[in-house]
Amino acid sequence: MEVYKIRSSKKNFDFLPVFLFVSSILFLISCGKGKNDETDLSDFIAFDKSKLGIEVVDQNLGIKFFPPNGWELKQSSLSRKVESRGTTANPGDNFFYQPVYLFFNQTTGGLLSVGKVETNDTTLSKSARLNYYKGLLNTKYKSNDLTVGNFIHSKIYFSRFKFRKEKLISFKIIFENSTGDIIQFDYTIPMDFLENADLSIKSSVGSIQPM
């Protein structure tokens, strides 16, 4: 029986150890992928105009968008919300979400708030704030069946944090506007109504555009 060998100009090269080594690395990488790893969510957006309300144009936020149809704007003062890692957070470990708009659906109980995310930590560069904030959200909601993903639309790089809280499903959509400010869309809806509201939420997200 003939044995075929691959020869180099220097010495014989044994492929078996290399193959086993590479296979082991690939196996470890695949096992290391967790539920909270960021994945591609390009199918999360839609644009069905029949599912959209009246267009909102905001110079300060640097965006324009449509809320879901039937989600009415509420004229009420909105207090800012502190996002932190918990009670042990350092003073500089806090971000502040300041809603500018609040939309509510009377039938389903769906709620959408839109605003800016800011921090009082002056040591963070503007370019680092978004990643730091994403890490904070990962830590805060990791026990709430959290899934994280990314998608690009209208030249904006979006991150979506989906998690459960009691009988509610929340979607935090965060991105940077053209001036580097962090913008957040918070969609929250009871799980019983998620299937019916799914296309409306996706169409609303798909309507977000920079100015």
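Could you run through the range 114-131 and say how many residues are closer than 20 Å to P99 by Cα and surrounded by 13 or more Cβ atoms within 10 Å (Cβ to Cβ)?
9
Which of the residues that make up the range 62-81 are surrounded by fewer than 20 Cβ atoms within 10 Å (Cβ to Cβ), at pLDDT 90 or above and either assigned to a loop (DSSP other than H, G, I, E, B) or not charged (D, E, K, R) (or both)?
Correct list: G62, N69, G70, L73.
Checking F151 against (1) assigned to a strand (DSSP E or B); (2) more than 17 Å from A46 (Cα to Cα), which single condition isn't satisfied?
Result: F151 passes all but (2).
From N94, N131, N120, which residue is under 17 Å from the mean Cα position of the chain (by Cα) and over 14 Å from F185 (Cβ atoms)?
Testing whether each residue is under 17 Å from the mean Cα position of the chain (by Cα) and over 14 Å from F185 (Cβ atoms) leaves just N131.
Failed condition for F158, given (1) buried (at least 20 other Cβ atoms within 10 Å of the Cβ); (2) among the hydrophobic types (A, V, I, L, M, F, W, C); (3) outside any strand (DSSP E or B), with all others met?
F158 satisfies all of (1) buried (at least 20 other Cβ atoms within 10 Å of the Cβ); (2) among the hydrophobic types (A, V, I, L, M, F, W, C); (3) outside any strand (DSSP E or B) except (3).
With L137, L111 as the choices, which residue is within 22 Å of I54 (Cα to Cα) and out of contact with any helix residue (DSSP H, G or I) (no Cβ under 6 Å at 6 or more places or on another chain)?
The unique qualifying residue is L111.
Regarding the range 137-146, can at least one residue be identified that is part of a strand (DSSP E or B), out of contact with any Gly (no Cβ under 6 Å at 6 or more places or on another chain), surrounded by fewer than 19 Cβ atoms within 10 Å (Cβ to Cβ) and free of Cβ contacts under 8 Å to residues at least 24 places away in the same chain?
no
Can you find even one residue in the range 85-105 that is modelled with pLDDT under 90, assigned to a helix (DSSP H, G or I) and of a type in the set (D, E)?
Checking the range 85-105: at least one residue is modelled with pLDDT under 90, assigned to a helix (DSSP H, G or I) and of a type in the set (D, E).
The values are calculated or read from the model by the stated rules, or taken from the named source; none is laboratory data. Since this is a predicted model, take the numbers as computed values, not measurements. Neighbour counts are summed over all protein chains in view; Cβ atoms, including those assigned to glycine, are modelled from backbone coordinates with ideal geometry.
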